[in-house]
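Asks: Encoded as structure tokens, here's the structure I'll be asking about.
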Ligand SMILES: Cc1cc2nc3c(=O)[nH]c(=O)nc-3n(C[C@H](O)[C@H](O)[C@H](O)COP(=O)(O)OP(=O)(O)OC[C@H]3O[C@@H](n4cnc5c(N)ncnc54)[C@H](O)[C@@H]3O)c2cc1C
């Protein structure tokens, strides 16, 4: 019979939400165990575009109001962490771009007037021209307007490696999760047959959370998933671009981020409207054709003959929404010792951890237990997640 473990906070799911929370709790002196069934960040987190939104995108369709402070403050929280002076030491995380750009390919679309008038945007957007343009847009044939947003883009693989280091010995590979009850009360979890007792249990398992709740005999909070069909392009001739390209509608027509592949080439990662409903309905070959057409029309000077393409399907997991999705806050619900939530954005991982810490403080949960780290160190540890382009476009 494997030995039992006691810890202050047991977290299930090591995407950005679980890893960020884990590192913050450890820094506050809590003992933690973070259980992951596959790889660290290997689901939504490593498939994200790495944009640390301040919410400007949402102002395009008026969903961001002046009261939505949580997301507006995220770029500052991340910048401080990246410089080593914030709530976590993320000096090992690579910054890919100090700014994300808003790019209007033609004349300014009418809906941008209210966008620029919005309180959330004022003072945070500057127009750039000439040499200040992102490298991929510096071409004589380029027409359109480009605005610099005070948002950053990070390299997610290096973030995951950094957070894994901050996790020390708290990481545990584990697949089979069952409730550990004391009478009626949940006092911990049984992970692959090993009892782990904890003062609080946090489920931050992304799309896996609904099944975990089911395994614990619960059906709340309800979860929804929204699919995306992303496109990757890899080529030695591609130059960096981090931008939302605007179409006529409220969502960016295409959002392009650029990521370094292990062989030194750049990978363009394409999301936005291209990857939503119509894109989800397309087969991969048709989705690649649609992406090639977009690039040919928006960036006609890019030679596509040297570019290799692939697509990736992935679901975003969030709390079920009856009305308007609120993209500007993380979500957390509690039931006795159990806390369950979704950050809803990579950028909102700090907000997710704030919410958990506020619950611990409200309930008077202080660091108490000494997890037997020697014991954990002997157990299997989950590997780091691998970017999709390394698997699909090696
Ligand atoms: C294509 C795409 C692009 C995006 N781009 C951005 C962006 O640019 N900026 C931004 O802010 N947000 C972005 N997002 C959203 C962002 O990626 C997610 O909100 C965020 O990564 C969610 O983190 P998470 O930790 O909740 O989930 P995940 O990263 O999915 O992690 C959950 C973890 O739980 C594990 N798990 C599941 N079930 C179990 C179980 N039973 N036992 C143990 N472990 C389990 C999984 O293996 C996984 O590692 C994007 C999302 C997608 C899909």
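Asks: Counting just the residues of region 275-288 that are farther than 11 Å from residue 311 by Cα and surrounded by 13 or more Cβ atoms within 10 Å (Cβ to Cβ), which one comes out farthest from the chain's Cα centre (by Cα)? Don't jump to the end; show me each part of the working.
Replies: Applying the first criterion (farther than 11 Å from residue 311 by Cα) to region 275-288 yields 276-278, 281.
Subsequent filtering for residues that are surrounded by 13 or more Cβ atoms within 10 Å (Cβ to Cβ) retains 276, 278.
Numbers: 276: 17, 278: 23 Å.
Selected residue: 278.
Asks: For region 326-336: of the residues being surrounded by fewer than 18 Cβ atoms within 10 Å (Cβ to Cβ) and either touching a strand residue (DSSP E or B) at 6+ places or on another chain (Cβ under 7 Å) or closer than 30 Å to residue 137 by Cα (or both), which is modelled with the highest pLDDT?
Replies: Once the filter is applied, the top-ranked residue is 333.
Asks: Among 221, 179, which is the only one that is in a strand (DSSP E or B) and either at pLDDT below 95 or surrounded by fewer than 21 Cβ atoms within 10 Å (Cβ to Cβ) (or both)? Outline the logic, then answer.
Replies: On the way: 221 fails: in a strand (DSSP E or B).
After ruling out the rest, the residue left standing is 179.
Asks: Here's a follow-up. Would you check which residues across region 99-108 are in contact with a strand residue (DSSP E or B) (Cβ under 7 Å, 6 or more places away or on another chain) and in a loop (DSSP other than H, G, I, E, B) and list them?
Replies: Step one: of region 99-108, the residues in contact with a strand residue (DSSP E or B) (Cβ under 7 Å, 6 or more places away or on another chain) are 99-105, 108.
Within region 99-108, 99, 105, 108 meet the criteria.
Asks: Continuing with the same structure: Check whether at least one residue in region 279-291 is in contact with a strand residue (DSSP E or B) (Cβ under 7 Å, 6 or more places away or on another chain), in a loop (DSSP other than H, G, I, E, B) and either within 15 Å of residue 389 (Cβ to Cβ) or without any contact (Cβ under 8 Å) to a residue 60 or more places away in the chain (or both), and report yes or no.
Replies: Let us first name the residues in region 279-291 that are in contact with a strand residue (DSSP E or B) (Cβ under 7 Å, 6 or more places away or on another chain), namely 279-280, 282, 284, 287-288, 291.
Among the residues that remain, those that are also in a loop (DSSP other than H, G, I, E, B) are: 282.
With either within 15 Å of residue 389 (Cβ to Cβ) or without any contact (Cβ under 8 Å) to a residue 60 or more places away in the chain (or both) added as a condition, the list becomes 282.
Taking every residue of region 279-291 in turn, at least one turns out to be in contact with a strand residue (DSSP E or B) (Cβ under 7 Å, 6 or more places away or on another chain), in a loop (DSSP other than H, G, I, E, B) and either within 15 Å of residue 389 (Cβ to Cβ) or without any contact (Cβ under 8 Å) to a residue 60 or more places away in the chain (or both).
Asks: Could you list, in sequence order, the residues of region 300-311 that are within 16 Å of the ligand (Cβ to nearest atom) and surrounded by fewer than 19 Cβ atoms within 10 Å (Cβ to Cβ)?
Replies: Passing the criteria: only 310.
Asks: Could I ask something else about it? Please specify each residue of region 239-254 satisfying the condition of being at pLDDT 95 or above and crowded, with 23+ Cβ neighbours inside 10 Å. So that I can check it myself, show each step before the final result.
Replies: Within region 239-254, the first condition is being at pLDDT 95 or above, and the residues that meet it are 239-243, 254.
Once the filter is applied, which keeps residues that are at pLDDT 95 or above and crowded, with 23+ Cβ neighbours inside 10 Å, region 239-254 yields 242, 243, 254.
Asks: Considering each of 380, 319, 350, 343 in turn, give the residue that is within 13 Å of the ligand (Cβ to nearest atom), in contact (Cβ under 8 Å) with a residue 12 or more places away in the chain and under 28 Å from residue 195 (Cβ atoms). Spell out how you get there, then give the answer.
Replies: Numbers: 319 fails: under 28 Å from residue 195 (Cβ atoms); 350 fails: under 28 Å from residue 195 (Cβ atoms); 343 fails: under 28 Å from residue 195 (Cβ atoms).
Of 380, 319, 350, 343, the one residue that is within 13 Å of the ligand (Cβ to nearest atom), in contact (Cβ under 8 Å) with a residue 12 or more places away in the chain and under 28 Å from residue 195 (Cβ atoms) is 380.
Asks: Only one of 130, 144 is more than 25 Å from residue 348 (Cβ to Cβ) and touching a strand residue (DSSP E or B) at 6+ places or on another chain (Cβ under 6 Å). Can you tell me which?
Replies: Details: 130 fails: touching a strand residue (DSSP E or B) at 6+ places or on another chain (Cβ under 6 Å).
From the options 130, 144, the qualifying one is 144.
Asks: List the strands (runs of 3 or more DSSP E) inside region 1-98, counting only whole elements, that have at least 1 residues being modelled with pLDDT under 95. Step through it out loud before you land on a result.
Replies: On the way: elements: 5-12, 32-36, 95-97.
Here the list reads 5-12.
Asks: A follow-up question, please. Restrict the check to region 157-168 and report whether at least one residue is in the same structural domain as residue 14 (by TED's automatic domain parsing) and assigned to a strand (DSSP E or B).
Replies: No.
Asks: Could you check how many residues of region 16-27 are within 9 Å of the ligand (Cβ to nearest atom) and out of contact with any strand residue (DSSP E or B) (no Cβ under 8 Å at 6 or more places or on another chain)?
Replies: Summing the residues that are within 9 Å of the ligand (Cβ to nearest atom) and out of contact with any strand residue (DSSP E or B) (no Cβ under 8 Å at 6 or more places or on another chain) in region 16-27 gives 2.
Asks: All but one of (1) away from the ligand (no atom under 13 Å from the Cβ); (2) assigned by TED's automatic domain parsing to the domain that holds residue 11 hold for residue 215; which doesn't?
Replies: Of (1) away from the ligand (no atom under 13 Å from the Cβ); (2) assigned by TED's automatic domain parsing to the domain that holds residue 11, only one is false for residue 215: (1).
Asks: A follow-up question, please. Scanning for something modelled with pLDDT under 95 and within 16 Å of the ligand (Cβ to nearest atom), does region 142-150 turn up at least one residue?
Replies: The initial filter retains those residues of region 142-150 that are modelled with pLDDT under 95, namely 142-150.
This time we only want the ones that are within 16 Å of the ligand (Cβ to nearest atom), so: 149-150.
Among the residues of region 142-150, at least one is modelled with pLDDT under 95 and within 16 Å of the ligand (Cβ to nearest atom), which makes the answer yes.
Asks: Could you please give the count of residues in region 137-156 that are within 26 Å of the chain's Cα centre (by Cα) and assigned to a loop (DSSP other than H, G, I, E, B)?
Replies: To start, the set of residues in region 137-156 that are within 26 Å of the chain's Cα centre (by Cα) comprises 146-156.
Next cut, assigned to a loop (DSSP other than H, G, I, E, B) only: 150-151, 155.
Number satisfying all stated conditions: 3.
Asks: Right, something else. Residue by residue through region 360-383, note down the ones that are surrounded by fewer than 17 Cβ atoms within 10 Å (Cβ to Cβ) and not in a loop (DSSP other than H, G, I, E, B).
Replies: 361, 362, 373, 374, 375, 377
Asks: Which residue pairs have Cβ atoms under 6 Å apart, sit 6 or more places apart or on different chains, and have a first residue in region 172-184 that is without any contact (Cβ under 8 Å) to a residue 60 or more places away in the chain and a second that is assigned to a loop (DSSP other than H, G, I, E, B)?
Replies: 176/192; 179/216
The values are calculated or read from the model by the stated rules, or taken from the named source; none is laboratory data. Everything numeric in this text was worked out from a predicted model, so none of it was measured. Here the Cβ is made from the backbone with ideal geometry for all residues, glycine too, and neighbour counts use every protein chain on show.
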